[in-house]
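For reference, the structure discussed in these notes is given below.
Just so it is clear, none of the values below were taken in a lab; they were calculated from the coordinates. This structure is a prediction, so every number in the text was calculated from the model and none was measured. Glycine gets a Cβ as well: all are built from the backbone with ideal geometry, and neighbour counts include every protein chain shown.
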Amino acid sequence: MSGGPTDRGAEAAPLADLAVLIRARVAALAAELGALADAIWERPELGCEEHAASAAQRALLERHGFAIEAGVAGLETAFVARRSIGTGGPSIGLLGEFDALPELSQDRVPYRKPLVEHGPGHGCGHNLLGTGALGAALAAAAAAEELGLAIEVAYFGCPAEEDIIGKVVMAREGVFDGLDAALSWHPGAFNIPWEGSSLALDAFSFRFSGEAAHASVSPHDGRSALDGVELLNVGVNFLREHMPPDARIHYVIRRGGASPNIVPDEATVDYRVRERTRDDVARLRARVFDCARGAALMTGTTVSWRLNATCADLLPNDAIGAALLAAFEAVGPPPFDEEDRAFARAIRETFPAGRVEATLRAVGAPEDLRDAVLHERVEAPFRPGELSYGSTDVGDVSWCVPTSQLWAATMPIGTAAHSWQLTAASGAALGRRGMLTAAAALGLAAVELARAPERLAAAGEEFRRRTGGRCYEPSIPAEGIPRGDLVPSTDDEGWQPLSA
């Protein structure tokens, strides 16, 4: 729905002037956004259980004039919030997340101190991610109204990113259809656009079934399901030598038996297989399945499997990425103060030796950042187009609509993803400063795209070129909701025999 009328004053305003306007709108929202981010951080909820976070976000959006559609795509905590300014303007989407991770409970202190032993925590900063994207939606709509700029701003509350569920299901159900562009961000250690791709992923489980027996008196009567799991893992570890260099496989044994004195008659293991594209993942998964079949044959057991989650690789869009970088540069870096730096230095003291140097080498960051505890400038991508070895359900969105993201500094340089240090930073003042900066950068980019139809046209052309004109093909089955694998499941649904 791109290509509507715009106010001539909005068209003529320099980007720097628009940045001042957007920063002012975000500043006016800072207290509400900070309270929302804190509330989500203080009540961490795992994927598809984010009822409090989803409700709090919807309430704030409604107070600012957004129309809410709750429970979209059959997901209780998913929603879409829309506000239209004028008529005929482009539709710009902001992607938000709010799920936490298990076992990462942590106080707002720079040393290990769980608030709830073995409880969940925001070790990926999604309390900041969703709130920052929401703030961008509010700021963009307010600024567009002040400018007389036609635009539809849509905020997407997306659950269960860590389980690779929310956006994949929403994409399958057409929730992102009609957007001209989608924007997102992620908390990180650097202020840079994310212009590369990410790995496609399949997450699945194997269940081996054997025969129980007394492990000492009559082991010959038993058939160990645990032996099947262990031989599968051995086979996969030998397979690693013959995988493409960008492939990744990881696993965790969920159930291995009840007692060493009993030959286990059932054992389960969860796998995640990642590769550059969906087709690459399918080929590598087939080889893992062969390992499972061989393990069952060697142990006299049977094996079944079920799919837990899946996502596509991230499709970059340089045209949208350039708009994000220009907006980020106009907004400027987070305004960290000395208290933020002191907190960051204290967290940095908990890192293992060499962590910071290894991080800088891995991302190709400039040498002069070696002694910096926080990234306090905005830069172009250190290695443009570089592959990220993580996976994200934003990948499925990027195959539906031109999509781009940025990183904003919310943590000390060298902070490991999915760590207690990241949880602490996500609840601290420095995390909120990075979040508000991301909100301003994304909000400015949304307004800039709305007043520049030629940029959106270029993004659309690039999208068609990268997809080869193919329509989005959902990476999950046509029905049902994936179960994810972050929390062990004890039900018997979804298992399929792994035939010879």
Whole-angstrom gap from the range 280-324 to the range 202-243, using each part's C-alpha centre: 20 Å
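For the pair I481 and H51, what calculated FRET efficiency results from E = 1/(1 + (r/R0)^6), where r is the Cβ-Cβ distance and R0 = 25 Å, to the nearest 0.05?
On the way: r = 16 Å, r/R0 = 0.63.
So the FRET efficiency works out to roughly 0.95.
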Cα long-axis angle, helix 318-331 against the chain (0 to 90 degrees, to the nearest 10): 60 degrees
Length gained when the stretch R465-H64 is fully extended (0.36 nm per residue, less Cα-Cα span): 140.6 nm
For the range 200-312, with +1 on Lys and Arg beta carbons and -1 on Asp and Glu, the positive-most of G300, S224, H250 along the dipole: H250
Spin-label pair I262/D491, simplified geometry with 7 Å Cα→Cβ offset, distance in nm: 2.5 nm
Between helix 126-147 and the chain: long-axis angle, C-alpha atoms, 0 to 90°, nearest 10: 20 degrees
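Give me the percent relative contact order of the chain, please, defined on Cα pairs under 8 angstrom at least 6 residues apart.
Numbers: 1191 pairs, mean separation 117.9, N = 500.
Relative contact order here is 24 percent.
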Residue range of the chain that is longest and free of trypsin sites (Lys or Arg not before Pro) which are both DSSP loop and sparsely packed (at most 12 other C-beta within 10 Å): 113-369
Nitroxide proxy distance, nm - points 7 Å out along Cα→Cβ at V20 and E339: 2.9 nm
Net lengthening on full extension, A286/R112 (0.36 nm per residue, minus Cα-Cα): 58.5 nm
Cα-projected label distance for E349 with E42, points at 7 Å along beta-carbon direction, nm: 2.8 nm
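Using a Förster radius of 30 Å, what is the FRET efficiency between A30 and D279 based on their Cβ-Cβ separation? Nearest 0.05, please. Spell out each step's value before the answer.
Details: r = 45 Å, r/R0 = 1.51.
Plugging the Cβ-Cβ distance into 1/(1 + (r/R0)^6) gives 0.10.
Which value in deg cm²/dmol, rounded to the nearest 500, describes the helix-derived mean residue ellipticity at 222 nm for the chain, given -39,500 (n - 2.57) per DSSP H run of n ≥ 4 and division by the residue count?
Numbers: 14 runs with 195 residues, N = 500.
Calculated at 222 nm, the ellipticity per residue is -12500 deg cm²/dmol.
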Angle in degrees between helix 338-348 and the longest Cα principal axis of the chain, rounded to the nearest 10: 20 degrees
